[in-house]
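Peer 1: Once you've had a glance at the structure underneath, I'll fire off some questions.
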Amino acid sequence: MEGSVPLAHAWVLAIVLFGLGLAGLLARRNLVFMLMSVEIMLNAAGLAFITAGARWGQADGQIMFILILTLAAAEVSVGLALILQLFYRSASVDADSARSLRD
Amino acid sequence: MAALLWIVPALPLLGFLLLFLAGGRASRLVTAIIGVGSTALAALLTLALAAWFLHAGQPIVRATLWQWIGVGGFTAPIGFELDALSLVMTLVITFVGFLIHLYSSEFMQHDDGYGRFFCYMNLFVASMLILVLADNLLLLFLGWEGVGLCSYLLIGFWYRDAANGRAARKAFIVTRVGDTAFMIGLLLLATHLGTLDIAALMERAQSAWPAGSALPTAAAALLLGGAVGKSAQLPLQTWLPDAMAGPTPVSALIHAATMVTAGVYLIARTHTLFNLAPSVQLALTLIGAATLLLAAFSALAQHDLKRILAYSTMSQIGYMFLALGVGAWTAAIFHFMTHAFFKALLFLAAGAVIMRIDDEHDIFRMGGLKRELPVAFWSFLIGAASLAALPLVTAGFYSKDMILWGAWNSGPRGPILWGAGLLGALLTPIYIFRAVFVVFFGERHTAPSGRYGARIVIPLALLSALALTAGFVDMPPALGNVTAFSRLLDPILPARQEVPTAASTEAAVMVIAALTALLGVGIAWWIYGRRAAAPARLFGTRPALALRRFWLCGWGFDWLYDCLLVRPFLWLARINRADGVDAFYGLIAAASRLFNRLLSRTESGRLRRYAGWIAAGSLAAIAIAMFA
């Protein structure tokens, strides 16, 4: 397949995206940014599925990507609703302020 | 008539239920009417049954009410059986029981627990009747435990005094030792012979087990253990003297006339089994002979009037065991009957003395009461005469003579056993007439108060009459040869294999016993009536005082058991207070608490730390999947 992107590049991109998302999730305290990091990680996983589907010529990878897309949409709506609630209650979107839930 | 049999135990049971449900709210009059009335009706019904029984030619009556237990092939009904043996027992229980109830209705008049007292007493009579009328050993055991419970409740009747509670617990625990043996015996019989129905059991034992083999020996030994506990024989005799903590009518009914003779009844009832186990029967004989002497010596040293009578009860039951052991079954039951009359009389008379002199039990603080309390004096004297077996005129003479003759005539060991019995027959008049002379003669130390009502005088008079005349139903060949009692029991209990002896020997044995009793009274009079100087000097010496202390505490059995059993047990309980077994389970609990603390520290509430842990965990899982 002349001119196409080599598989290894796509794998590396997916790994890098996933690592960036994870790093953002662990480093950020702002819940909105954390949600965005999760989105990046989900997309990295989606990319890996698409790549694998293209490699073995099967539709499963694309089906999985659509599933992940739906999942991400649902997740974002629930996550944003929770963040809004937290913001109303503690006037902050700091993840560590949610610690009060434990005590 | 047979259909009425179940009503006999049901009447006092009904009385118990009524008094129990009344819970002490009923008035004294109503309580007395229910309590005394139920036993009176039972006595009348028993009399009617007895008349019918003798008229109908002594049939064995069985009345099964319903099935109690049925598991696999094993069944135990609630069923009653009347034969000559249980008829004699029932007659004594209901009649002596009725007289003692009547006496109690006045004796306990000023007691707060009047209703409670009659409630327990009625339950006792019901249990005792179930015991003697039961047609299977399991129902018999129910009655056996019922009387044990009532004994416990009534010894500790005045529960506000801690000592009474201790005495009650002691009686309960010591008899429990015997009851455990009894229960194991029941299990052994049920597993090996497949039934507990007494008649079937005896039949199967006879056909399945050869005489002297291991199984009947074990079963008989276990039953003997139960009998020894209930009847206060060596080595489980220590509870009876302490049981005198209960009210005097209780001592008369439970600890003299009826319950303590349940062991005698049990052995007589299962005599087939004992015949199959000669070694157990020998043990029975020796236990009886040893107890009768031990208790008689102890009675010599007591100064509490009721304890004298308690040791005398042990001694007389020793005679019954001796009679059972040598195979003189009828003699044992005969002595049971006369003993029930004269010992109940002695206790009631003692109670009559004690209630008039401000609950004083020490005979040396009484004295000279003959003139003040003629009713108590004459009834106590008659009871004492019958217990001492004064010849010809008392019931005790005929029954004791029958036992002594049975002991003499029991093979090569006979003369030795007879000698033990004769020594007991010498000691009996000494200790009981010691009480008579000390309590009723000499100088007065107390001033009696109050007077007796009819409800105390009538039982004393009736029991006095019975204590004198009950022996005339069976007299030895030399004295008219009346055999009404033996003939009554002959179909039930096996006849003795009498060694043929000259009639003159039997007469000589009787004369020796009679002279021994008179000699004993003479000795008692010499020491305590005339207050001769020589014995007083002898009693003051050091060995005599030591011996007296030894006998006073009942040959030190309490001390022995205290050292051997009570103290080691308490020591074990003390060192195990922390509960060694529990420590293991405590360890498990402590470990899980530790892990709980460790794990709960990871739950910090910091979201990013959770995410980090999840990432690290996933990484680890992937690493394991890839490299391992």
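Peer 1: Scan (1) part of a helix (DSSP H, G or I); (2) under 28 Å from B:Phe472 (Cβ atoms) for the single condition B:Ser279 breaks and write down its number.
Peer 2: All conditions pass for B:Ser279, except number (2).
Peer 1: Please specify each residue of the range B:327-379 satisfying the condition of being among the β-branched types (Val, Ile, Thr) and more than 25 Å from B:Pro476 (Cβ to Cβ).
Peer 2: Scanning the range B:327-379 gives B:Val353, B:Ile354, B:Ile357, B:Ile363, B:Val375.
Peer 1: Looking only at the range A:40-96, count every residue that is surrounded by fewer than 13 Cβ atoms within 10 Å (Cβ to Cβ), more than 22 Å from A:Gly24 (Cα to Cα), more than 14 Å from chain B (Cβ to nearest Cβ) and of a type in the set (Gly, Ala, Ser) and tell me the total.
Peer 2: So the answer is 3.
Peer 1: Hey, can you tell me all the residues within the range B:338-383 that are assigned to a helix (DSSP H, G or I), of a type outside the set (A, V, I, L, M, F, W, C) and touching a residue at least 60 places away in the same chain (Cβ under 8 Å)?
Peer 2: B:Thr338, B:His339, B:Lys343, B:Gly351, B:Arg356, B:Arg365, B:Ser379, B:Gly383
Peer 1: Can you confirm whether the range B:22-40 contains a residue that is touching a residue at least 60 places away in the same chain (Cβ under 8 Å), touching a Pro at 6+ places or on another chain (Cβ under 7 Å) and under 19 Å from B:Ile458 (Cβ atoms)?
Peer 2: Taking every residue of the range B:22-40 in turn, at least one turns out to be touching a residue at least 60 places away in the same chain (Cβ under 8 Å), touching a Pro at 6+ places or on another chain (Cβ under 7 Å) and under 19 Å from B:Ile458 (Cβ atoms).
Peer 1: What single numbered condition from (1) assigned to a helix (DSSP H, G or I); (2) more than 24 Å from B:Phe336 (Cβ to Cβ); (3) at pLDDT 90 or above fails to hold for B:Phe157?
Peer 2: Condition not satisfied by B:Phe157: (1).
Peer 1: Does at least one position in the range B:245-255 carry a residue that is of a type outside the set (Gly, Ala, Ser) and not in a helix (DSSP H, G or I)?
Peer 2: Step one: of the range B:245-255, the residues of a type outside the set (Gly, Ala, Ser) are B:247-250, B:253-255.
Now narrow it down to the ones that are not in a helix (DSSP H, G or I): B:247.
Looking through the range B:245-255, at least one residue is of a type outside the set (Gly, Ala, Ser) and not in a helix (DSSP H, G or I).
Peer 1: Tally the residues that are more than 12 Å from A:Glu39 (Cα to Cα), surrounded by 15 or more Cβ atoms within 10 Å (Cβ to Cβ) and away from chain B (no Cβ under 12 Å), restricting the search to the range A:9-28.
Peer 2: 4
Peer 1: Sticking with this structure for a sec: Taking the condition of being assigned to a loop (DSSP other than H, G, I, E, B) and facing chain A (nearest Cβ under 10 Å), how many residues in the range B:579-623 meet it?
Peer 2: Initially, the range B:579-623 is screened for residues assigned to a loop (DSSP other than H, G, I, E, B), giving B:579, B:603-606.
This time we only want the ones that are facing chain A (nearest Cβ under 10 Å), so: B:603-606.
Within the range B:579-623, residues that are assigned to a loop (DSSP other than H, G, I, E, B) and facing chain A (nearest Cβ under 10 Å) number 4.
Peer 1: Quick check on A:Ser37: is it buried (at least 17 other Cβ atoms within 10 Å of the Cβ), within 12 Å of chain B (Cβ to nearest Cβ) and not hydrophobic (A, V, I, L, M, F, W, C)?
Peer 2: Working: buried (at least 17 other Cβ atoms within 10 Å of the Cβ): yes; within 12 Å of chain B (Cβ to nearest Cβ): yes; not hydrophobic (A, V, I, L, M, F, W, C): yes.
In short, yes.
Peer 1: Now, a different point. Kindly indicate which of B:Ala232, B:Ala277, B:Ala296 is within 30 Å of B:Glu106 (Cβ to Cβ) and either in contact with a Phe, Trp or Tyr (Cβ under 8 Å, 6 or more places away or on another chain) or crowded, with 24+ Cβ neighbours inside 10 Å (or both).
Peer 2: Step by step, each of B:Ala232, B:Ala277, B:Ala296 is checked, and only B:Ala232 is within 30 Å of B:Glu106 (Cβ to Cβ) and either in contact with a Phe, Trp or Tyr (Cβ under 8 Å, 6 or more places away or on another chain) or crowded, with 24+ Cβ neighbours inside 10 Å (or both).
Peer 1: Would you confirm, using the coordinates I've provided, whether B:Ala200 is in contact with a helix residue (DSSP H, G or I) (Cβ under 7 Å, 6 or more places away or on another chain) and either in contact (Cβ under 8 Å) with a residue 24 or more places away in the chain or over 18 Å from B:Thr261 (Cα atoms) (or both)?
Peer 2: Answer is no for this residue.
The values are calculated or read from the model by the stated rules, or taken from the named source; none is laboratory data. Computed from a predicted structure; not experimentally measured. Every residue, glycine among them, receives a Cβ derived from its backbone with ideal geometry; neighbour counts consider all protein chains shown.
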